[in-house]
Amino acid sequence: MLDPKLLRQDPDAVAAEAKRHNVDIDIELYKSLEAERKSLQEKTQELQAKRNKQAKQVGMAKSKGEDVTALLAENQNVGDTLKQSEIALEEIQKKLLDFQLGIPNQLHSSVPDGKSENDNVEVRRWGTPKTFDFTPKDHVDLGARESLMDFEAASRISGARFVVLRGKLAKLQRALAEFMLDLHINQHGYTEMYVPYLARSETFYGTGQLPKFSEDLFWIKGEHDLALIPTAEAALANLVRDQIVDANQLPLKFVAHSPCFRSEAGSYGKDTRGMIRQHQFQKVELVQITTPENSYAALEEITNNAEKVLQLLNLPYRVLSLCSADVGFGSAKTYDLEVWLPSQHKYREISSCSNCADFQARRMMARFRSPETGKPEYVHTLNGSGVAVGRALVAIMENYQDKGGCIHVPEILLPYMGGISVI
């Protein structure tokens, strides 16, 4: 959520910045609501002062033994009017909060302008795509061997956009997750966390999935207000909700391996073949909580941490700085990592690393105590896939295939595979 002062001081500038984000907001509605709020707040404060003054008058009259019937009746009328004004003010403030929750984050000055993903800027590439002396198969055809990747069975169980992995391929996916966790914990200094896979709506409001992206969540029917997490970020960032963290504890660096659940609302017809876009998939998620002055250095660090996974797996990739229209709702700046898929002859997203600045922190009331002033200030939150496990599996299958359709296990994963080197 934006600093309300920014909105009050220059609402037109906020609307223009949201337009960079490819989001249109009704700023005239905001101005109308804000004018009404200001009027009601002034009226409420005047009535509160009048009620307090009358209460003192009643007390003084009673002490003198005077008849206070008329004063009490007048005070009752003021109290009733005040209550109505407070209710109206509360309703307006709720409308303003709902409006503010629909405004995207302010973009960092380094974010390139653009109108679509076609305007994203390539920052760097690593590795050279392999040249095959045969036509490489895609992961679906490779996985069909011995039903190692079984979409038909998954469809019988759960419907479309699910998969059953069998035998050595299931083991390879597990090996990938274990390798990523070990790397981020032992080399990059993250603390491993295990988090709930169900969360309350307050959690999703905190990280920005609500109210805008409610359709993307899988909600649980019943008496509890719970939904399945779309990423471990939702749980990890909320670890500091309603907390004031000591500055000497920062940065906090968390890593978690979890399933992710997404309804993929609005993505019908996209990547319907294979594991690229699933309702259920796995990620190793990185989250950092830090101070404002260190957050953009932390963005470079978290991106480099994700890149290291692909480098050790020897998978060619590129890094993109997302343009203004493609940066996510809650992000101030985002880098995407795209891995090379031979069957598609192009790079596909495998990680997204974002600095949300204080956008999530304001929603979560997540703060640290400034050593300079001794006062609480909002932390900055960052997240990144380190990386998407299923997409890494797809990339390995396609980049490490041979002419016979076998998949050779990357050297870095051999210690996790129990002697299996070829699938």
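Summary table
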item	result
Normalised per residue, the volume of the convex hull around the Cα set of segment 331-381 (Å³)	84
Choice from Asn248, Asn305, Asn105 with maximal GNM fluctuation in the chain (Cα, 10 Å cutoff)	Asn248
Segment 168-265: chymotrypsin sites (Phe, Trp or Tyr not before Pro) in DSSP loop, at most 11 other beta carbons within 10 Å	Tyr194
Segment 374-423, relative contact order in percent, only Cα pairs under 8 angstrom and at least six apart counted	22
Charge context of Ile185, other residues only, Cβ under 12 angstrom, K/R +1, D/E -1	-2
For q = 0.12, 0.14, 0.23 Å⁻¹, Debye-computed log10 I/I(0) when each Cα of segment 309-421 counts as one equal scatterer	-0.59, -0.71, -1.21
Peptides ranked, highest mean first, by Cβ atoms within 10 Å: ranges 277-286, 376-385	376-385, 277-286
Calculated from backbone phi, Karplus (6.51, -1.76, 1.60) coupling profile of segment 50-57 in Hz, x at Gly/Pro	5, 5, 5, 5, 5, 4, 5, 5
Per residue value of the accessible surface for the chain (all protein chains in place, 1.4 Å probe), Å²	49
Hz values of 3J(HN,Hα) by residue in segment 378-385 - Karplus curve (6.51, -1.76, 1.60), Gly and Pro given as x	6, 6, 10, 10, 9, 9, x, 6
Centroid-to-centroid separation of segment 241-265 and segment 122-161 [C-alpha atoms, Å]	30
Relative contact order computed over the chain (Cα-Cα under 8 Å; 6+ residues apart), in percent	20
For the chain, calculated [θ]222 nm from helices alone, where every DSSP H run of n ≥ 4 adds -39500 (n - 2.57)	-12500 deg cm²/dmol
Within a Gaussian network of the chain (alpha carbon springs, distance under 10 Å), most fluctuating of Gly206, Gly65, Gly127	Gly65
Residue with peak Gaussian network fluctuation, the chain [Cα springs, cutoff 10 Å], from Lys38, Lys64, Lys212	Lys64
Spatial extent of the chain: Rg and Dmax, with the Cα atoms as the point set, Å	27.1, 107
Sulfur and carbon atoms: percent of accessible area, the chain [1.4 Å]	48
Whichever lysines have a C-alpha closer than 17 Å to that of Lys283, once near sequence neighbours (fewer than 8 apart) are set aside	Lys171, Lys253, Lys308
Gain upon complete extension [Asp182, Lys83; 0.36 nm per residue less C-alpha separation]	29.8 nm
Pairwise label distance in nanometres, Ser32 with Ile412, each label 7 Å out on the Cα-Cβ vector	5.6
Residues of type lysines that Lys38 reaches as a straight line, Cα spacing below 28 Å, ignoring anything fewer than 8 places off in the same chain	Lys5, Lys19, Lys50, Lys53, Lys56, Lys83, Lys94, Lys95, Lys212, Lys375
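The values are calculated or read from the model by the stated rules, or taken from the named source; none is laboratory data. The shown structure was predicted, so the numbers you read here are calculated from the model rather than taken from an experiment. With ideal geometry, Cβ positions are generated from the backbone for all residues, glycine too; neighbour counts draw on all protein chains shown. Accessible surface areas use protein heavy atoms only, side chains included; no ligands, DNA or RNA. Shrake-Rupley method; radii C 1.70, N 1.55, O 1.52, S 1.80 Å.
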